[in-house]
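The values are calculated or read from the model by the stated rules, or taken from the named source; none is laboratory data. Everything numeric in this text was worked out from a predicted model, so none of it was measured. Don't worry about glycine lacking a Cβ; one is built from the backbone with ideal geometry, like all the others, and counts go over all protein chains shown. Heads up: the accessible areas ignore ligands, DNA and RNA and are worked out on the full protein's heavy atoms, side chains in. Shrake-Rupley method; radii C 1.70, N 1.55, O 1.52, S 1.80 Å.
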Amino acid sequence: CSLSTAATSDTTTYDTSVTSTQTVSGTAGSDAATTEMETLEDITIDSSYEEGEATTIIADDSGFTVSGSGASVENNTVTITENGTYIISGTIDDGQIIVNTDDKIQIILNGLTITSSTSAPIYIMESEEVTITLAEGTINTVSDTTDFTYSDSTNEEPDATIFSKGDLIFNGTGTLVL
């Protein structure tokens with residue numbers, strides 16, 4: 001797997017394209033038992049989606065607008081609570097996207113710029129698996145704060161630009177700037 005970064009001041013650009021297959025194995029305990037993990041060939045990295053079947057979420061100065069089912073908006077926070085595909089675009093200052101479901105979710109970042117002054121702009125609170133797809137030809141910018149307000153103060157979480165408590169897969173040919 002390849003993850004290349006190019007840093008300029010406080011901005012890091014990630015190229016999420018998969019360029020190789022890697023197997024990870026190691027030893028555990030005194031009996032030298034070998035544990036083999038999944039290879040990239042074992043994991044489905046499918047960036048396709050049906051636009052007509054997806055829920056559309058548009059961010060702007062007044063918050064989020066949702067067209068479709070599975071997501072709700074309160075203040076400048078959109079919460080995804082159902083299985084499905086969600087296409088998110090637009091620009092919002094001080095917003096947040098929360099995923100809180102036991103299902104598999106695909107989020108398509110389609111030219112999204114989102115910042116948060118208090119927390120993780122994208123917070124995967126709970127999910128079986130979330131795939132974030134960077135739509136072809138798009139630049140997606142996600143930025144956070146250095147002064148987090150934690151929803152879980154015991155564990156000081158969330159504490160990252162994109163924070164996930166579950167499996168998180170990135171794919172697609174767009175650009176992600178953190």
Enumerated strands (runs of 3 or more DSSP E) restricted to the stretch 41-150, each holding at least 2 residues that are open to solvent by less than 60 Å² (accessible area, probe 1.4 Å) and free of Cβ contacts under 8 Å to residues at least 60 places away in the same chain: 55-60, 63-67, 77-80, 84-92, 96-100, 104-115, 122-126, 129-134, 139-143
Set T175, T154: member being over 11 Å from the mean Cα position of the chain (by Cα) and surrounded by 15 or more Cβ atoms within 10 Å (Cβ to Cβ): T175
Residue within the stretch 92-104 that is touching a Ser or Thr at 6+ places or on another chain (Cβ under 6 Å), more than 26 Å from D46 (Cα to Cα) and β-branched (V, I, T) present: no
